[in-house]
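The values are calculated or read from the model by the stated rules, or taken from the named source; none is laboratory data. Please read all numbers here as calculations on a predicted model, not as lab measurements. Glycine also receives a Cβ, built like all others from the backbone with ideal geometry; neighbour counts cover every protein chain displayed.
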Amino acid sequence: MGEKGRRSAVRLTARGAIALALVSTLVGYVLTALFGIEHIVGAAFVVSSTLGALLVNRRELLSLVVTPPLVFFCATLFVELGRAFGSVSIVQSLALGLYTSLTRGAPWLFAGAAVVLAVTWRRGLRDNVRELRAELKAGAELPRPRQPFVPEPEGYFEPKVYGTPRNDD
(Lines give C-alpha, C1' and ligand atoms only; values in the text may rest on other atoms or scores of the structure.)
Protein backbone atom coordinates (compact mmCIF):
# COMPACT_ATOMS: atom_id res chain seq x y z
CA MET A 1 0.00 0.00 0.00
CA GLY A 2 1.43 3.40 -1.00
CA GLU A 3 1.80 6.53 1.09
CA LYS A 4 -1.55 7.87 -0.11
CA GLY A 5 -3.36 4.70 0.93
CA ARG A 6 -2.19 4.99 4.53
CA ARG A 7 -3.13 8.62 5.07
CA SER A 8 -6.31 9.39 6.91
CA ALA A 9 -8.91 11.40 5.03
CA VAL A 10 -9.77 13.21 8.28
CA ARG A 11 -7.65 16.24 9.12
CA LEU A 12 -8.06 18.50 12.11
CA THR A 13 -6.97 22.02 12.75
CA ALA A 14 -4.93 22.62 15.89
CA ARG A 15 -8.06 24.07 17.51
CA GLY A 16 -10.01 20.94 16.64
CA ALA A 17 -7.34 18.68 18.11
CA ILE A 18 -7.19 20.80 21.26
CA ALA A 19 -10.99 20.71 21.58
CA LEU A 20 -10.93 16.94 21.11
CA ALA A 21 -8.44 16.53 23.95
CA LEU A 22 -10.34 18.94 26.22
CA VAL A 23 -13.74 17.33 25.68
CA SER A 24 -12.32 13.82 26.01
CA THR A 25 -10.60 14.73 29.28
CA LEU A 26 -13.82 16.22 30.64
CA VAL A 27 -15.71 13.07 29.61
CA GLY A 28 -13.00 11.08 31.40
CA TYR A 29 -13.70 13.05 34.57
CA VAL A 30 -17.41 12.30 34.24
CA LEU A 31 -16.75 8.59 33.73
CA THR A 32 -14.39 8.60 36.70
CA ALA A 33 -17.13 10.10 38.87
CA LEU A 34 -19.62 7.49 37.63
CA PHE A 35 -17.45 4.38 37.86
CA GLY A 36 -14.82 5.38 40.43
CA ILE A 37 -11.87 4.31 38.28
CA GLU A 38 -9.28 7.08 38.53
CA HIS A 39 -7.26 6.08 35.48
CA ILE A 40 -10.06 6.86 33.04
CA VAL A 41 -9.19 10.58 33.03
CA GLY A 42 -5.53 10.00 32.25
CA ALA A 43 -6.21 7.36 29.63
CA ALA A 44 -8.78 9.58 27.91
CA PHE A 45 -6.31 12.46 27.92
CA VAL A 46 -3.42 10.41 26.49
CA VAL A 47 -5.56 8.70 23.83
CA SER A 48 -7.26 11.91 22.68
CA SER A 49 -4.00 13.85 22.64
CA THR A 50 -2.36 11.12 20.57
CA LEU A 51 -5.31 10.97 18.20
CA GLY A 52 -5.20 14.74 17.80
CA ALA A 53 -1.45 14.63 17.06
CA LEU A 54 -2.04 11.99 14.41
CA LEU A 55 -4.92 13.82 12.71
CA VAL A 56 -3.81 17.46 12.87
CA ASN A 57 -2.66 19.22 9.71
CA ARG A 58 1.12 19.12 9.39
CA ARG A 59 1.45 22.90 9.21
CA GLU A 60 -0.22 23.18 12.66
CA LEU A 61 1.97 20.71 14.54
CA LEU A 62 3.87 23.46 16.35
CA SER A 63 0.64 24.94 17.71
CA LEU A 64 -0.53 21.57 18.96
CA VAL A 65 2.64 20.33 20.61
CA VAL A 66 2.66 23.01 23.32
CA THR A 67 -0.96 22.62 24.46
CA PRO A 68 -1.33 19.28 26.35
CA PRO A 69 -0.40 20.71 29.78
CA LEU A 70 -2.78 23.64 29.28
CA VAL A 71 -5.62 21.34 28.17
CA PHE A 72 -5.17 19.08 31.18
CA PHE A 73 -5.01 22.05 33.55
CA CYS A 74 -8.13 23.70 32.07
CA ALA A 75 -10.15 20.49 32.28
CA THR A 76 -9.03 19.94 35.87
CA LEU A 77 -9.74 23.55 36.81
CA PHE A 78 -13.25 23.33 35.35
CA VAL A 79 -14.03 20.12 37.25
CA GLU A 80 -12.54 21.36 40.52
CA LEU A 81 -14.44 24.65 40.26
CA GLY A 82 -17.63 22.63 40.01
CA ARG A 83 -16.70 20.62 43.06
CA ALA A 84 -15.62 23.69 45.04
CA PHE A 85 -18.92 25.54 44.66
CA GLY A 86 -20.60 23.08 47.00
CA SER A 87 -18.16 23.62 49.85
CA VAL A 88 -17.96 26.17 52.65
CA SER A 89 -14.62 27.66 51.55
CA ILE A 90 -14.52 27.79 47.76
CA VAL A 91 -10.91 29.00 47.52
CA GLN A 92 -9.56 26.43 49.95
CA SER A 93 -11.53 23.62 48.35
CA LEU A 94 -10.42 24.69 44.87
CA ALA A 95 -6.76 24.89 45.86
CA LEU A 96 -6.80 21.50 47.57
CA GLY A 97 -8.76 19.90 44.73
CA LEU A 98 -6.41 21.29 42.08
CA TYR A 99 -3.37 20.16 44.02
CA THR A 100 -4.77 16.66 44.50
CA SER A 101 -6.04 16.21 40.95
CA LEU A 102 -2.94 17.60 39.26
CA THR A 103 -0.67 15.52 41.48
CA ARG A 104 -2.67 12.40 40.76
CA GLY A 105 -2.74 13.18 37.03
CA ALA A 106 0.92 14.20 36.64
CA PRO A 107 2.12 10.86 35.24
CA TRP A 108 -0.68 10.91 32.67
CA LEU A 109 0.07 14.53 31.82
CA PHE A 110 3.75 13.80 31.23
CA ALA A 111 2.91 10.67 29.24
CA GLY A 112 0.44 12.57 27.05
CA ALA A 113 2.87 15.42 26.44
CA ALA A 114 5.69 12.99 25.61
CA VAL A 115 3.54 10.98 23.20
CA VAL A 116 2.32 14.15 21.46
CA LEU A 117 5.91 15.37 21.15
CA ALA A 118 7.08 12.02 19.74
CA VAL A 119 4.21 11.76 17.24
CA THR A 120 4.51 15.35 16.05
CA TRP A 121 8.30 15.05 15.77
CA ARG A 122 7.83 12.01 13.55
CA ARG A 123 5.19 13.83 11.47
CA GLY A 124 7.41 16.84 10.75
CA LEU A 125 7.60 19.12 13.78
CA ARG A 126 11.29 19.65 13.02
CA ASP A 127 10.36 21.23 9.66
CA ASN A 128 7.80 23.52 11.33
CA VAL A 129 10.42 24.72 13.82
CA ARG A 130 12.91 25.27 10.99
CA GLU A 131 10.35 27.33 9.04
CA LEU A 132 9.51 29.41 12.11
CA ARG A 133 13.19 30.13 12.73
CA ALA A 134 13.64 31.19 9.10
CA GLU A 135 10.62 33.52 9.33
CA LEU A 136 11.85 35.06 12.56
CA LYS A 137 15.36 35.49 11.17
CA ALA A 138 14.02 37.13 8.00
CA GLY A 139 11.88 39.47 10.10
CA ALA A 140 14.82 40.40 12.31
CA GLU A 141 17.00 41.29 9.31
CA LEU A 142 14.58 43.94 8.03
CA PRO A 143 15.54 47.45 9.08
CA ARG A 144 13.02 48.99 11.40
CA PRO A 145 11.77 52.41 10.35
CA ARG A 146 12.56 55.09 12.91
CA GLN A 147 9.50 56.88 14.18
CA PRO A 148 10.16 60.51 15.11
CA PHE A 149 8.57 61.70 18.32
CA VAL A 150 5.36 63.52 17.54
CA PRO A 151 3.78 65.34 20.45
CA GLU A 152 0.04 65.16 20.84
CA PRO A 153 -1.85 68.11 19.34
CA GLU A 154 -3.12 70.83 21.64
CA GLY A 155 -6.47 69.99 23.14
CA TYR A 156 -6.13 66.28 22.35
CA PHE A 157 -7.90 65.18 25.51
CA GLU A 158 -10.78 67.60 25.16
CA PRO A 159 -14.07 66.13 23.99
CA LYS A 160 -14.86 66.66 20.35
CA VAL A 161 -18.29 67.35 18.95
CA TYR A 162 -19.02 65.60 15.71
CA GLY A 163 -21.56 66.70 13.16
CA THR A 164 -23.53 69.88 13.03
CA PRO A 165 -25.95 71.15 15.66
CA ARG A 166 -29.64 70.55 15.00
CA ASN A 167 -32.07 73.39 14.86
CA ASP A 168 -35.34 72.24 16.36
CA ASP A 169 -37.34 75.41 15.73
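Quick notes on this structure:
- Test set (1) modelled with pLDDT under 95; (2) in contact with a Leu (Cβ under 8 Å, 6 or more places away or on another chain) - LEU51 fails condition number: (1)
- Breaking point among (1) over 30 Å from ALA17 (Cβ atoms); (2) modelled with pLDDT under 90, for VAL88: (2)
- Some residue of region 34-44 being of a type in the set (Gly, Ala, Ser) and loosely packed, with under 14 Cβ neighbours inside 10 Å: yes
- Residue within region 108-127 that is out of contact with any Cys (no Cβ under 6 Å at 6 or more places or on another chain) and at positive phi present: yes
- Sole residue being of a type in the set (Asp, Glu) and over 22 Å from ASN128 (Cα atoms), chosen from GLU38, GLU60: GLU38
- Among residues of region 7-46, those that are in contact with an Asp or Glu (Cβ under 7 Å, 6 or more places away or on another chain) and under 24 Å from PHE110 (Cβ atoms), counted: 2
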